[in-house]
Structure formats: C-alpha cells, structure tokens
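The values are calculated or read from the model by the stated rules, or taken from the named source; none is laboratory data. Just so you know, these numbers come straight off a predicted model, no measurement behind them. Every residue, glycine among them, receives a Cβ derived from its backbone with ideal geometry; neighbour counts consider all protein chains shown.
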C-alpha cells in the first residue's frame, strides 16, 4: 500500500495493484476486497476497459480458491468487456483463463469452444506463447481419445514450434513438459506411444530446420525411453 495512505484513499489503479500484491502472497480475502473496491470505483466512472482487467484478476483469485463458477463468470465478463473496448490482449488473457479452468474441470466442450476462440485471436495477434500452451492442451486432450493419435501428435509438434518462435526459454520449458508427459506415458505402460511421440517430433524438428540441440535432446530422451526397463 502506498505510504501514508489508507485503503479508503486509494484510487482504482492503486487498489488493483494492491490486489495483485495480496494475490502474489496468497492473501486471497484481502486480494478480493481490493479488487472489488477497484471494480466499484471503475464502475462509478464507467471505465469498462479497467473493469475488464480487474475482473480477470478477480477471477484468478476465485480460481485459486477453487470457486470455479465465480471464476468463470468473472472471466466471461472480462472477455465481453475487453472485446467491446477493443482490448485484445486482455480479451486473450481472459480467454486463456477460461480455457485452463474448463480443461482442469474436464469440461471438454467448453474447453474446445474457448480454445478455438483464443487460438483465432492469438494467431491474429501473433502471440506465440498462448498458441504453444493451447496446442499442448489440445494435444493432451486428443491423446486421451483412442482415435486421436495423429491429431495429438500434430498438436504437440505445433506446441513445440510455437514455443521455439517465442524464444529459447519457452522452447526449453516446452521440452521439459514433453519429457514429463513421456514419463507419465511410461508409468501408464504406454512405452510405444512415448516412442512414437519422440519419433514424430524429431521428424517435425528436422523439417523445420531447428537447432541441432533440440534434435539431440529429443534423440537422447527417445533412447532413454527405449532402454528403460519395463514395469510389471
């Protein structure tokens, strides 16, 4: 909180910043109070742009508390306000949050609905980080379907490609996620699927003329999968 000020003296921007600070420290009730105060001030001024931003933040706190329906309502309102004001980045952020909450809840139809909308906007804005995350989630969902192997592999390759376009840090993070997913497949007894995944990604990376380091890492992990003892 700004020095020398009481919460009643803070303006809508300061209240939102205070909510962010509380949220970062897991002080959910205090964060909610700050966001609601900021929201009230913005509503009194007719600040639709600001309302969309605060509603997205408020939805994040509700999500952390497991109050998923309230989170969804905040995110949906944020999307509507941001879209109406031409605030495309806020709209994309709220859409991505809707994607995540529906994925976590196993609500596949809603997930696909918001994922398609988020993907279209992210492509328009050339935002590769959300595109990578969307492709990753769509790949995971596709591989849960016995007939979704080809689609799932394609999404995983897209996730890796978008991460590479975003930058080295995102690329390494995505490779870590792929390795972790392979370990899950091995624990499930799906060694063959894990190997197919790495074969597919190696071909994709080679076609994209990506770095030798990425190819080497994929090849090394595939060999590790091949040599790992089978579990009964």
From the option list 89, 134, single residue qualifying as assigned by TED's automatic domain parsing to the domain that holds residue 159, assigned to a helix (DSSP H, G or I) and either over 19 Å from residue 43 (Cβ atoms) or without any contact (Cβ under 8 Å) to a residue 60 or more places away in the chain (or both) is 134
Tell me the residue from 215, 193, 201, 226 that is assigned to a helix (DSSP H, G or I) and loosely packed, with under 12 Cβ neighbours inside 10 Å, please.
226
Taking the conditions exactly as written (closer than 26 Å to residue 120 by Cβ and at pLDDT 95 or above), does residue 64 satisfy them or not?
no
Could you please give the count of residues in the range 143-175 that are in a helix (DSSP H, G or I), farther than 19 Å from residue 195 by Cβ and free of Cβ contacts under 8 Å to residues at least 40 places away in the same chain?
9
Are any of the residues in the range 41-53 more than 19 Å from residue 79 (Cβ to Cβ), surrounded by 13 or more Cβ atoms within 10 Å (Cβ to Cβ) and either at pLDDT 95 or above or not assigned by TED's automatic domain parsing to the domain that holds residue 101 (or both)?
yes
When the range 107-118 is checked residue by residue, the ones that are surrounded by fewer than 18 Cβ atoms within 10 Å (Cβ to Cβ) and part of a helix (DSSP H, G or I) are 108, 109, 110, 112, 113, 116, 117
